[in-house]
Amino acid sequence: MSVELNHTIVHARDNRESAQFFADLLGLEITAEWGPFIAVGLSNGVTLDFATIPAEHITMQHYAFLVSEEEFDAAYARICERGIEHYADPHRQQPGAINHNDGGRGVYFMDPAGHAMELITVPYGGWSS
């Protein structure tokens, strides 16, 4: 069997708020709820399992998602409609913009728990031949 990522736990101030924010923004579904976890399923079978923990214990993480052009358009429209601060760069020097790195498009924004989220349409370094 090859090694694959199955799930990861994402710390949140409010697991439902963070899971719903993420699912709504990317047009995904909450796929399961058990114990302290609310899971959002990605198209490759990986789940993000959101768990509520005390805010002082949340360490900011970075999560980058490779999306299609259509998914980017839809998510970016939701980012703009909701007035979510976003940037073309991870250092937040280019507010209200997207980037065109590697021949694609990308955007950075924060989730409700303070995690740095990134959407890209082309992987870093471009598509391999």
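Among the residues of segment 48-87, write down those that are in a loop (DSSP other than H, G, I, E, B) and within 15 Å of the chain's Cα centre (by Cα). Give the derivation first.
Initial filter on segment 48-87 (in a loop (DSSP other than H, G, I, E, B)): 53-54, 58-61, 67-68, 82-85.
Once the filter is applied, which keeps residues that are in a loop (DSSP other than H, G, I, E, B) and within 15 Å of the chain's Cα centre (by Cα), segment 48-87 yields Met60, Gln61, Val67, Ser68, Ile84, Glu85.
Would you say Pro112 is surrounded by 11 or more Cβ atoms within 10 Å (Cβ to Cβ), touching an Asp or Glu at 6+ places or on another chain (Cβ under 6 Å), touching a residue at least 40 places away in the same chain (Cβ under 8 Å) and assigned to a loop (DSSP other than H, G, I, E, B)?
Working: surrounded by 11 or more Cβ atoms within 10 Å (Cβ to Cβ): yes; touching an Asp or Glu at 6+ places or on another chain (Cβ under 6 Å): yes; touching a residue at least 40 places away in the same chain (Cβ under 8 Å): yes; assigned to a loop (DSSP other than H, G, I, E, B): yes.
So Pro112 passes the test.
Please determine, by comparing only the residues of segment 15-47 that are open to solvent by less than 70 Å² (accessible area, probe 1.4 Å), in contact with a helix residue (DSSP H, G or I) (Cβ under 9 Å, 6 or more places away or on another chain) and in a loop (DSSP other than H, G, I, E, B), which one is farthest from Tyr76 (Cα to Cα). Looking at residues that are open to solvent by less than 70 Å² (accessible area, probe 1.4 Å), in contact with a helix residue (DSSP H, G or I) (Cβ under 9 Å, 6 or more places away or on another chain) and in a loop (DSSP other than H, G, I, E, B), I get Leu42.
Residues that are open to solvent by 80 Å² or more (accessible area, probe 1.4 Å), within 16 Å of Ala113 (Cβ to Cβ) and out of contact with any strand residue (DSSP E or B) (no Cβ under 6 Å at 6 or more places or on another chain) within segment 48-73 comprise Glu56, His57, Thr59, Met60, Gln61, listed in sequence order. Taken over segment 1-14, the criterion of being over 13 Å from Gly45 (Cβ atoms) and either in a helix (DSSP H, G or I) or of a type in the set (A, V, I, L, M, F, W, C) (or both) is satisfied by Met1, Val3, Ile9, Val10, Ala12. Number of residues in segment 15-46 that are over 18 Å from Glu71 (Cα atoms) and in contact (Cβ under 8 Å) with a residue 40 or more places away in the chain equals 2.
The values are calculated or read from the model by the stated rules, or taken from the named source; none is laboratory data. Keep in mind the model is a prediction, meaning the values are calculated, not measured. We place every Cβ from the backbone using ideal geometry, glycine too, and count neighbours over all the protein chains shown. The accessibility values were calculated without ligands, DNA or RNA, using every heavy atom of the protein model including side chains. Shrake-Rupley method; radii C 1.70, N 1.55, O 1.52, S 1.80 Å.
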